[in-house]
1. Show me the trypsin sites (Lys or Arg not before Pro) within segment 225-289 that DSSP assigns to loop and that have at most 16 other Cβ atoms within 10 Å of their Cβ.
2. In whole Hz and in residue order, list the ³J(HN,Hα) couplings for segment 132-147 that follow from phi through the Karplus curve 6.51 cos²θ - 1.76 cosθ + 1.60, θ = phi - 60°; x for Gly and Pro.
3. Using a basic spin-label model with each label point 7 Å from the Cα along Cα→Cβ, how many nm lie between residue 304 and residue 29?
4. May I ask you to evaluate 6.51 cos²θ - 1.76 cosθ + 1.60, the Karplus curve with θ = phi - 60°, for each residue of segment 166-174 and list the ³J(HN,Hα) values in order in whole Hz, giving x for glycine and proline?
5. Return the long-range amide H neighbours of residue 64 (sequence gap of 5 or more, or a different chain), with a cut-off of under 5 Å between placed amide H atoms.
6. Could you check which residue among 239, 167, 300 shows the biggest mean-square fluctuation in a GNM of the chain with a 10 Å Cα cutoff?
7. Enter the angle in degrees (range 0 to 90, nearest 10) between the Cα long axis of helix 87-119 and the first principal axis of the Cα atoms of the chain, meaning the one along which they spread out most.
8. Taking every pair of distinct Cα atoms and averaging 1/r, then inverting, what Kirkwood hydrodynamic radius in Å comes out for the chain?
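Rule-based calculations on the coordinates, nothing more; no lab input. Keep in mind it's a predicted model, so treat the numbers as computed, not measured. Cβ atoms come from the backbone with ideal geometry, glycine included; neighbour counts cover every protein chain shown.
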Amino acid sequence: MTSVAQHEIDHRPPTLSPVTPRRSRTIKSAQRRAVTLLTAPGLIWYAVFMVIPAASIFVFSLLDWPGLLAPATFAGFSNYAEMVADPVFWTAVLNTLIELGVDLAVMIPVSFMLGYYLTLKRPGHRILRVLFFTPALLSLSARALVFFGVLAPNGLVNGIFSLIGLGDLSTPWLANPDTSLAVVMIVDLWGGIGFTAILFAARLASVSPEIYEAAELDGATSWRKMWSVAMPVIRGFVGIVTMLQFAWILFGSATTVLLLTRGGPGSTSTTLSFMVYNEAFVQSNIGYSQAIGVVLFIFGLLGMLAINRSIRQRY
C-alpha cells in the first residue's frame, strides 16, 4: 500500500503557481509590446502614405504656389476667400451634387434588382453575368472612346435619329450645355451598374433559401421578397456598396470629365474633382486647387458618415 500511495503522489500534476498581480502586469506588458511590434509596419505604412499626404493638402491650401517648379509663399486663407468668390466653384459644387444624387439614386436600386434577378438563376443568367461585368473590364479611356463615337455629331445616336425621321433631336451631345453633364452621368452609370449588380448577386447568394421559403408561405410575391426580405437582410452590405460608389463618383469623375468634355462647354460639366485637377495641372495654381481639395475631402468624409449612418444593418 505504501508503494502504491507513493506512486500516486509521484505522478500527481504539478501545482501551478498563483498568478500574482505583478506577474499579471508583466504578462500584459509583454502582450502589448508584441502587438505593437506586429502592427508597427502597418501603422508606419498608413502614416507615410495616408496621413501625411492628407495633412499636406491642408498645408498646401495655405500657400500661393504658381506651379511645381515655382517657389511657394504663405498666403493664409486667401485661397479659400478666392474659392468662395469663384462662380465656377459653386457651379462645380452643384454639378457634383447633381451627379451624386442622380447616379446613386439610379445605380443602387437598379443594381440591386439586377443582382437579385441573377440569384433566381433564370435561363441565360450566366450570359447576363458576363455582360454585366464587361464594362468593368474596359479602361476609362476605352469607355470614353466608346461614348465619344456614339455621341459625336455624326455618331450613332444622331445617325439613328436621322434614320427614323427624328433629325430635329440630333445635337452635339458633348458640346451642348444642356446635355454635357448628363453624358458624364450616363458613362458613370454604364460602367457601374453591371459591376455593382455582380457584387449584390454574390452577397445575395449567401442568403439562406429558408428565409425566402418562409416568405412564400406567408404569401409574399417576388417583388415583396426582393424589397421586404432580401434588402433588409443585406442592408449593411448595401451601405458599404453605396459608400464605395459614392467615393468613386466623387473623386473619380475627373477622369470621365477630362476625357469627354474637359469641364465644358464653359463650366457646365465641371465637377469638384475635375476642378482640382484643372487648377493644379492646367492653370498651375496649386494652392488654390488644394483649397478645393480640402472642401472635397470634407465633403467626402461627411457624405460617407451620412451614408453609413442612414444605411446600416438594423439588427
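1. Passing both the DSSP loop test and the Cβ count: 262.
2. In residue order, the calculated couplings are 5, 7, 4, x, 6, 7, 8, 5, 4, 5, 5, 4, 4, 5, 4, 6 Hz.
3. 3.8 nm
4. Residue by residue, segment 166-174 yields 10, x, 5, 7, 5, 7, x, 4, 7 Hz.
5. 73, 74, 75
6. 167
7. Tilt relative to the chain: about 60 degrees.
8. With all distinct Cα pairs of the chain included, I get 24.4 Å.
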